[in-house]
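*Asks:* This is the structure I have questions about; it appears just below.
Taken together, the values in this text are just the output of simple stated rules run on the coordinates, not laboratory data. Treat the numbers as computed from the prediction; the structure is a model and nothing was measured. Every residue, glycine among them, receives a Cβ derived from its backbone with ideal geometry; neighbour counts consider all protein chains shown.
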Amino acid sequence: MKTSAVTSADLSRSVLAVPPLARNGDLSLNREANVAMIRHLERGGVSTLLYGGNANLYNIGLYEYAALLDMLEQTASAESWVIPSAGPDFGKLLDQASVLRGRAFPTVMVLPQTFPATPDGSEKAIRMFAERYGRPVIVYLKAENFLTPAHVARLVDAGMVAAIKYAVVRGDPAEDPFLKSLLDRVDAGRIVSGIGERPAAVHLRQFGLVGFTSGSVCIGPRGSTRLLAALKSADWATADALRAAYLPLEDLRDAHSPIRVLHEAVSLAGIADMGPILPQLSNIGPEHHAAIRGAALALLAHDATLQ
């Protein structure tokens, strides 16, 4: 597992996969299924694994946090980079920082909390977490009211930020004054597109972001890996063709729940049994299974043609 400090090259060497987390019926961690998920990604060329929203770490407790970190350290390949997440609330951040200090992970992503929170308070929480953790962190921008570009820039200038995951959803990702303002203050080499394949081409081509995160890569790792390569080489036609295969599943995720649909898609595609989602989320209802299964199997079959 990668333990060296984070560089811009690390952010672009692989799609940053954001996998779901498998659990047994009693909500304990399902090591076998999580290993199956990791190996599927690694066989498809993915070497960066970011456990955050899709793994529902918003709701994880300190009671099993160390066990989760143990499992991730022990199961990823030597060449892979594993990024756990912490937070989102201040109390959990400080508790988790104490657990993380003795671990080899070179960075951790801070989950965003937008209520009850203010930008000033969120900046202070991230500063205090990074200080206790002792390493720079990944800032996750999912809404404009979490941190302003100025708040982020202060954290970057203080040496507390390894990277930024930019995931503010726009109707047209090409029209994004907030991202433009952020790029006026922060080097694009620190920022990855954080909303999957749909806006990745615009974010890398127009704004110069260095890489992208993906949930659907958990179904189709080869195609997403080739999409990243096409974007890095400015092969826009190939990128558009590869991106199209992901949109049916992404449409379902956007319509019903990005986390819950992906969780079920991995199971219904036969990659690994993800089991129940940790409360306070719940598994998506069976009335959606046929559509999710169809989209997931189609993407999986498409990915198999790229071997």
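*Asks:* Arrange the peptides 108-114, 11-17 so that the one whose residues have, on average, the most other Cβ atoms within 10 Å appears first.
*Replies:* 11-17, 108-114
*Asks:* Per residue and in cubic angstrom, what volume does the convex hull of the Cα atoms of the stretch 241-307 have?
*Replies:* Here the figure is 83 Å³ per residue.
*Asks:* Please check which bits of the stretch 279-307 a label hung off Asp251 would reach, taking the label as a point 7 Å along Cα-to-C-beta and the cut-off as backbone N under 20 Å.
*Replies:* Zone members listed by number: 285, 287-303.
*Asks:* If you average 1/r over every pair of different alpha-carbon atoms in the stretch 153-220 and take one over that average, what Kirkwood value in Å do you get?
*Replies:* After inverting the mean inverse Cα-Cα distance, the result is 12.4 Å.
*Asks:* Neighbour counts of other C-beta atoms within 10 Å: give me Thr48, Thr305, Thr118, Thr213 arranged from fewest to most.
*Replies:* The fewest-first ordering by Cβ neighbours comes to Thr305, Thr118, Thr48, Thr213.
*Asks:* While we're on this one: Rounded to the nearest 20 debye, what is the charge dipole size of the chain about its Cα centre when +1 sits on each Lys and Arg Cβ and -1 on each Asp and Glu Cβ?
*Replies:* Taking the Cα centre of the chain as origin, the dipole is about 500 debye.
*Asks:* Continuing with the same structure: In sequence order, what are the phi-derived ³J(HN,Hα) couplings for the stretch 181-191 according to the Karplus relation 6.51 cos²θ - 1.76 cosθ + 1.60 with θ = phi - 60°, rounded to whole Hz, with x for glycine and proline?
*Replies:* Values per residue, Gly and Pro as x: 5, 4, 6, 5, 10, 10, 4, 4, x, 9, 10 Hz.
*Asks:* Considering Cα pairs under 8 angstrom that are at least six residues apart, work out the relative contact order of the chain and quote it in whole percent. Display every interim value, and only then the final one.
*Replies:* Numbers: 553 pairs, mean separation 64.2, N = 307.
In percent, rounded to a whole number, it is 21.
*Asks:* Here is a further query. What are the extents of the Cα atoms of the stretch 173-307 along their three principal axes, in Å, largest first?
*Replies:* For the stretch 173-307, the Cα extents along the three principal axes come out at 45, 37, 20 Å.
*Asks:* Further, regarding this structure: Once you have the alpha carbon radius of gyration of the stretch 1-64, what is it after dividing by 2.2 N^0.38 Å, with N set to its residue count? Intermediate values should be presented prior to the final figure.
*Replies:* Values: Rg = 13.3 Å, N = 64, 2.2 N^0.38 = 10.7 Å.
Normalised Rg, Cα atoms only: 1.25.
*Asks:* Ranked highest first by the average count of other Cβ atoms within 10 Å around their residues, in what order do 36-44, 257-265, 164-172 fall?
*Replies:* Highest to lowest by the protection proxy: 257-265, 36-44, 164-172.
*Asks:* Over all directions, average the projected area of the Cα convex hull of the stretch 1-134 and note it in nm².
*Replies:* Mean projected area for the stretch 1-134: 8.3 nm², to one decimal.
*Asks:* Another one. Given R₀ = 51 Å, FRET efficiency for Asp187-Phe115 by Cβ-Cβ distance, to 0.05?
*Replies:* E between Asp187 and Phe115, to the nearest 0.05, is 0.95.
*Asks:* Nearest 500 deg cm²/dmol is fine: what mean residue ellipticity at 222 nm does the chain get from its DSSP H runs of n ≥ 4 alone, each adding -39,500 (n - 2.57), divided by its residue count?
*Replies:* -14500 deg cm²/dmol
*Asks:* Now a separate question. Which cross-chain or sequence-distant (5 or more) residues have an amide H under 5 Å from the amide H of Gly211, H modelled 1.01 Å from N in plane?
*Replies:* Here Ser193 satisfy the definition.
*Asks:* Looking at the stretch 8-244, how many pairs of lysines come closer than 23 Å at the Cα, when each pair is eight or more places apart or spans two chains?
*Replies:* Lysine pair count for the stretch 8-244: 10.
*Asks:* Under the definition of Cα pairs under 8 Å and six or more residues apart, what whole-number percent is the relative contact order of the stretch 86-193?
*Replies:* RCO, the stretch 86-193: 24 percent.
*Asks:* When the Kirkwood radius is taken over all Cα pairs of the stretch 8-244, what Stokes-Einstein diffusion coefficient follows at 25 °C and 0.890 mPa s, in µm²/s?
*Replies:* Here the translational diffusion coefficient equals 136 µm²/s.
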